[in-house]
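Heads up: the structure comes next, in structure tokens.
The values are calculated or read from the model by the stated rules, or taken from the named source; none is laboratory data. Computed from a prediction, not measured in an experiment: that's the story for all the values here. Because the Cβ atoms are built from the backbone with ideal geometry, glycine has one as well, and the counts that use them run over all protein chains shown.
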Amino acid sequence: MRITHLPSGLVVTCQDEKSQHKNKAKAMKVLRSRLFDQMVREQNEQRSQNRKNQVGSGDRSERIRTYNFPQARVTDHRIGLTLYKLETILQGDVDEVIDPLITYYQSQALQHAERVDA
């Protein structure tokens, strides 16, 4: 008995039993198991790829913000903002960092919307 799963191209053959019905049942069972294994493998690969994309490489170029204690400096690398007020920022006064970020991302959204409309 030879069974071919057309969507995936997977081929299963079985000649263990004398009865054609038993061979077909056994081949279908093997085919189901191989298809399930293939589906699980693809899902695991997709999940792994998604995790890898979310985590990033940890490279220095991916950093968001640097806190330099000897110079009392805070640098936000996304917008190139450098402030020499580390102590006040650590105490919770982060408006001087957040306001420029909001402005930057709003301008980015406007530019993107203009490109989409054009």
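Miscellaneous remarks
- Selection count where residues are assigned to a helix (DSSP H, G or I) and not acidic (Asp, Glu), scope region 60-83: 2
- Look at region 1-24: where a residue is without any contact (Cβ under 8 Å) to a residue 12 or more places away in the chain and a partner is surrounded by 13 or more Cβ atoms within 10 Å (Cβ to Cβ) and part of a strand (DSSP E or B), sitting 6+ places away or on another chain with Cβ atoms under 9 Å, you get 4/10; 4/12; 11/3; 11/5.
- Qualifying position, being among the hydroxyl-bearing types (Ser, Thr, Tyr) and under 24 Å from the mean Cα position of the chain (by Cα), among 107, 48: 48
- Beta carbons closer than 9 Å, at least 6 apart along the sequence or on distinct chains, pair a first residue in region 82-103 that is in the same structural domain as residue 67 (by TED's automatic domain parsing) with a second that is part of a loop (DSSP other than H, G, I, E, B) and among the acidic types (Asp, Glu) for 85/93.
- When each of 18, 52 is tested for being loosely packed, with under 10 Cβ neighbours inside 10 Å, out of contact with any His (no Cβ under 6 Å at 6 or more places or on another chain) and at pLDDT below 90, the lone residue that passes is 18.
- Set side by side, the residues 12, 30, 40 differ, and just one is part of a strand (DSSP E or B) and either out of contact with any Asp or Glu (no Cβ under 6 Å at 6 or more places or on another chain) or among the small types (Gly, Ala, Ser) (or both), which is 12.
- Identity of the residue in region 60-83, at pLDDT below 85 and over 17 Å from the mean Cα position of the chain (by Cα), that ends up surrounded by the most Cβ atoms within 10 Å (Cβ to Cβ): 63
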